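Comments concern the structure below.
The values are calculated or read from the model by the stated rules, or taken from the named source; none is laboratory data. Fair warning: this is a prediction, and the values are worked out from it, not measured in the lab. Here the Cβ positions follow ideal geometry from the backbone for every residue, glycine too, while neighbour counts run over all protein chains shown.
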Amino acid sequence: MEDTTCATTSVVSVQVPIFQPFPSQLQITTYQPFGSITEQIFFRNNDNVNRRIKVLQPDSPYFEVSAARDPNGAELKQSTVGAGMEVMFIVKFKPQEHREYKCDLVCRTERESFVIPVIAMGPRPVLDFPDDINFGTAAVKNELEKTLIVRNVGSEVAHFNLDAMTFAEENTADADQGTLNVFSASPSDGLVEVGQTVMVTISFTPTTATTFNGELKIEYHGQDVTQKTSYVSLTGEADNVEVFLSHPNILQEPTYISLSSQKTVKVCNRSEIPVRFDWRAFHTTQDEEMERARLLAELDEMQSLEEAELNDQLDAAVDDDRDANPEDSDASLSGDEGMVPPKVRAARAALRQKYRHLKHALQVRTPSARSRSLAQLHCTPTFSPPSPFPLFTHAYD
């Protein structure tokens with residue numbers, strides 16, 4: 001600073017420039033190819049003495065910077081700017097096509113150099129999502145959906161991804177164990193032409209009786225190098241509604257083996273919120289999934305053992321069977337499969353089909369229904385004893 005001025009002290013902190021720019025970032029949103037756009041940038045001298053500033057010509061054929069002018073547009077006859085006064089520079093933009101342009105204007109003062117980014121926005125996709133979505137009050141462990149018709153109001157085809165996130169609540173157990181995501185969006189990705197619409201469904205499935213906050217993250221992927229991201233605020237409240245069974249215990253009438261007896265129980269919904277419920281054999285969903293995973297692992301082990309035993313039994317008969325019936329070999333099959341006799345292939349296919357059906361049976365979900373608000377739903381448990389002994393079990397609603 002001693003090399004450029006005699007006023008070596010300044011009242012402006014070294015953390016900020018002596019000249020304050022307005023705006024600090026220049027953004028051009030509307031332009032036509034082969035046209036000319038002019039924008040103004042003002043600099044205010046925040047020091048208590050006269051200072052000088054210079055804006056270098058950008059290293060781009062599409063941008064130009066004029067000489068220093070006063071706020072009224074008249075060209076300055078001297079390079080110094082009085083304390084508290086403003087100076088103006090005119091940036092001229094000359095695009096040749098409709099795309100994104102960028103450059104940095106290097107500004108030099110007597111003490112420092114700083115940069116002002118200049119961005120000319122290219123064609124961008126814009127989906128007209130609302131700023132916030134409020135689900136209102138929902139029943140705990142029940143799903144509430146909101147369907148939106150979203151239009152692409154931008155000037156480019158919208159390739160988008162949707163990701164719904166839930167914020168962790170302070171002073172709760174979820175904050176320590178990791179917050180379950182109670183919000184979801186469907187579809188998770190898609191493509192929307194300019195002016196066209198897409199249907200988006202946002203779901204809210206609360207796990208506890210509290211207020212949940214989150215956000216919907218919208219990522220755009222287009223021809224631009226930079227990726228645009230926008231957010232929608234999500235809010236929902238959960239409450240334990242008054243839903244109960246007409247009888248906590250059911251005593252089925254005695255019956256004979258191979259016959260059955262039935263009784264009716266009512267699911268009473270005294271709230272004004274429709275409630276979806278399931279009949280489950282486990283107290284929590286986590287317990288049910290753990291038991292399902294354990295059974296699937298046992299089925300995998302049993303299938304491996306049976307396949308090994310089947311291979312041992314068939315290996316001894318393969319050579320004799322191939323020698324006795326060489327015409328049974330399927331030459332149309334490629335690789336080693338064509339050398340396997342048909343009966344061996346049939347046995348292996350039957351074994352795989354058997355375990356495929358068993359695993360599919362484990363994936364079948366429990367019976368579910370939906371109770372309307374202020375209504376009762378009749379359910380009929382059936383008792384079919386396999387043996388002449390007293391039986392009891394638990395069913396969770």
If we keep only residues of region 262-299 that are loosely packed, with under 12 Cβ neighbours inside 10 Å and not hydrophobic (A, V, I, L, M, F, W, C), then the residue farthest from R356 (Cα to Cα) is E272
If we ask which residues in region 193-209 are aliphatic (A, V, I, L, M) and assigned to a loop (DSSP other than H, G, I, E, B), their number turns out to be 2
Of the listed residues (G214, G154, G236), the one being among the small types (G, A, S) and at pLDDT below 90 is G154
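I'd like to check something: does region 15-34 contain any residue that is exposed (fewer than 14 other Cβ atoms within 10 Å of the Cβ) and of a type in the set (A, V, I, L, M)?
Scanning region 15-34, I find at least one residue that is exposed (fewer than 14 other Cβ atoms within 10 Å of the Cβ) and of a type in the set (A, V, I, L, M), so the answer is yes.
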Only unsatisfied item for A74, checking (1) modelled with pLDDT under 90; (2) under 17 Å from V11 (Cβ atoms), is (2)
Among residues of region 41-76 being part of a loop (DSSP other than H, G, I, E, B) and of a type in the set (S, T, N, Q), the residue farthest from S113 (Cα to Cα) is N72
Selection over region 228-282 where residues are hydroxyl-bearing (S, T, Y) and more than 30 Å from L127 (Cβ to Cβ) yields a count of 8
(1) modelled with pLDDT of 90 or more; (2) surrounded by fewer than 17 Cβ atoms within 10 Å (Cβ to Cβ) all hold for F183 apart from (2)
Kindly evaluate D132 against the criterion of being at pLDDT 85 or above, of a type in the set (D, E) and in contact with an Asp or Glu (Cβ under 9 Å, 6 or more places away or on another chain).
no
Filter region 92-119 for residues that are buried (at least 17 other Cβ atoms within 10 Å of the Cβ) and among the β-branched types (V, I, T); the one that is farthest from the chain's Cα centre (by Cα) is T109
If you go through G122, G136, the only one that is under 31 Å from the mean Cα position of the chain (by Cα), part of a strand (DSSP E or B) and not β-branched (V, I, T) is G136
The condition of being within 16 Å of A238 (Cα to Cα), in contact with a strand residue (DSSP E or B) (Cβ under 9 Å, 6 or more places away or on another chain) and part of a strand (DSSP E or B) holds, among G214, G190, only for G214
Flagged in region 344-397 as modelled with pLDDT of 70 or more, under 15 Å from K263 (Cβ atoms) and among the hydroxyl-bearing types (S, T, Y), in numbering order, are T380, T382, S384
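To keep it simple, each residue is scored yes or no on (1) under 30 Å from T197 (Cβ atoms); (2) touching a strand residue (DSSP E or B) at 6+ places or on another chain (Cβ under 6 Å).
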site	(1), (2)
E86	no, yes
I116	no, yes
R124	yes, no
F135	yes, yes
V150	yes, yes
E156	yes, no
M165	yes, yes
S186	yes, yes
Checked pairs for region 97-125, first touching a residue at least 24 places away in the same chain (Cβ under 8 Å) and of a type in the set (D, E), second part of a strand (DSSP E or B) and surrounded by fewer than 16 Cβ atoms within 10 Å (Cβ to Cβ), C-beta under 7 Å and 6 or more apart or across chains, list as D104/V115; D104/P117
The residue that is nearest to the chain's Cα centre (by Cα), considering only those in region 152-162 that are surrounded by fewer than 17 Cβ atoms within 10 Å (Cβ to Cβ) and assigned to a strand (DSSP E or B), is N161
